[in-house]
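Colleague: To start, I am sharing the structure in question, which I have written as structure tokens.
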Amino acid sequence: MNSPPPIRVYLFTWLALIGLLAATFTLAHFRLGAFNTAVGLAIAAAKVALVGLFFMHLRRATALIAIFAVATLFWLSILFGLSGTDYATRRITTAPWTTPDGH
Amino acid sequence: MNARVVPVDVPWRRETASLGMWVFLATEVMFFGVLFLAYMHARIVDPQGFAAASRLTHEWLGTINTGVLLTSSLTMALAVRNGWAGHRRLVIRLLWATAVLGLAFIVIKGIEYGLEWRDGLVPVLNFTYSGAHRRAVETFFFLYFLMTGVHAIHLTIGVILVAWLAIRDRDPARPVRRRESAECIGLYWHFVDSIWIVLYPLIYLVDLYR
């Protein structure tokens, strides 16, 4: 933790990020069906992981900071998980006085 | 507080500052999280509408802007890294490079907003789109302006903080080695970059293959 990481770590991270940007932009032009969104989000997650690990120094962080970073994702998964089950298992019924398009 | 008498190399001070920043960023993730959740819900309700809306965005400007922001994260990370190594002049140059790249992002985003205003895609103020899936397209652009707007505000704050750091670092009496301020502003900058990284495919890449 006392000596700074070598500069090449940052340069390689940046090269990987730009490479992933080119990859996601290129892949978005191919018809992959449902995988278009999945690939886009997976590449975005990989980019965020690179930024977190090497630019934000999570790779060298203390256990406490690493726990807080992971806890952030945990709370986010609760937000999406619980709200997601709510939306997935309920349907909107129109009340008698709503306009024909349901709003 | 006089920086000359405060011992800056106390490890716990640095760790406390970083931890505090991570807690703040966790609240920021929840703040942006609900907006992403709203996007997810609206997109599931009308996927074709969101695809149609995404085709109306300017994917080249968005892609260039992503590259600009990723590069600004490199210069920011290198500024923090070289502060760690004690290279003051290099730190100042890298901080200015970061601020300029951040400004470039905001300018490109402004050009994009201008094009969307011209095309009548701004909900409430100037929305003239009348094709299929009108309601979903309006929802998409409402979320688009809300999320990119809040992101741009965050980035503007980041540019101001980075410029402040660069100006302050000219004072040779101030130590540049491992300062909490630089590390915390660096974490904030990378967080703002990360939000954009996730926004990018959701805005521009939904339906490019058509």
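Colleague: Mind telling me which of the residues B:Val45, B:Val29, B:Val34, B:Val80 ends up being at the interface with chain A (Cβ under 10 Å from one of its Cβ atoms), in contact with a Gly (Cβ under 7 Å, 6 or more places away or on another chain) and either modelled with pLDDT under 95 or under 27 Å from A:Tyr87 (Cα atoms) (or both)? Please lay out each step first, then the result.
Modeller: On the way: B:Val45 fails: in contact with a Gly (Cβ under 7 Å, 6 or more places away or on another chain); B:Val29 fails: in contact with a Gly (Cβ under 7 Å, 6 or more places away or on another chain); B:Val34 fails: in contact with a Gly (Cβ under 7 Å, 6 or more places away or on another chain).
That would be B:Val80, the only listed residue that is at the interface with chain A (Cβ under 10 Å from one of its Cβ atoms), in contact with a Gly (Cβ under 7 Å, 6 or more places away or on another chain) and either modelled with pLDDT under 95 or under 27 Å from A:Tyr87 (Cα atoms) (or both).
Colleague: Using the structure shown, decide if B:Leu74 is within 12 Å of chain A (Cβ to nearest Cβ) and touching a residue at least 12 places away in the same chain (Cβ under 8 Å).
Modeller: Working: within 12 Å of chain A (Cβ to nearest Cβ): yes; touching a residue at least 12 places away in the same chain (Cβ under 8 Å): no.
So B:Leu74 does not fit the description; no.
Colleague: Select from the stretch B:111-147 the residues that are within 14 Å of another protein chain (Cβ to nearest Cβ), open to solvent by 40 Å² or more (accessible area, probe 1.4 Å) and farther than 25 Å from B:Asp193 by Cα and list them in ascending order.
Modeller: Passing the criteria: B:Ala132, B:His133, B:Arg134, B:Arg135, B:Glu138.
Colleague: I'd like to check something: does the stretch A:43-53 contain any residue that is without any contact (Cβ under 8 Å) to a residue 40 or more places away in the chain, facing another protein chain (nearest Cβ under 7 Å) and open to solvent by 60 Å² or more (accessible area, probe 1.4 Å)?
Modeller: Taking every residue of the stretch A:43-53 in turn, none turns out to be without any contact (Cβ under 8 Å) to a residue 40 or more places away in the chain, facing another protein chain (nearest Cβ under 7 Å) and open to solvent by 60 Å² or more (accessible area, probe 1.4 Å).
Colleague: Further, regarding this structure: Would you check which residues across the stretch A:20-36 are more than 7 Å from every other protein chain (Cβ to nearest Cβ), open to solvent by 40 Å² or more (accessible area, probe 1.4 Å) and on the phi < 0 side of the Ramachandran plot and list them?
Modeller: A:Leu20, A:Ala22, A:Thr26, A:Leu27, A:Leu32, A:Ala34, A:Phe35
Colleague: Suppose we keep only residues that are among the hydroxyl-bearing types (Ser, Thr, Tyr) and in a helix (DSSP H, G or I) within the stretch B:157-210. Which one would you say is most open to solvent (accessible area, probe 1.4 Å)? Working first, answer last.
Modeller: Filtering the stretch B:157-210 down to residues among the hydroxyl-bearing types (Ser, Thr, Tyr) leaves B:181, B:188, B:194, B:200, B:204, B:209.
Retained after the next criterion (residues that are in a helix (DSSP H, G or I)): B:181, B:188, B:194, B:200, B:204.
Values: B:Ser181: 33, B:Tyr188: 14, B:Ser194: 15, B:Tyr200: 1, B:Tyr204: 2 Å².
Ranking the candidates gives B:Ser181 first.
Colleague: Just to be sure before I move on: is B:Val150 open to solvent by 20 Å² or more (accessible area, probe 1.4 Å), β-branched (Val, Ile, Thr) and more than 14 Å from chain A (Cβ to nearest Cβ) in the structure I sent?
Modeller: So B:Val150 fits the description; yes.
The values are calculated or read from the model by the stated rules, or taken from the named source; none is laboratory data. Since the model is a prediction, treat every value here as computed from it, not as a measurement. Cβ atoms come from the backbone with ideal geometry, glycine included; neighbour counts cover every protein chain shown. Note: areas computed on protein heavy atoms with side chains; ligands, DNA, RNA excluded. Shrake-Rupley method; radii C 1.70, N 1.55, O 1.52, S 1.80 Å.
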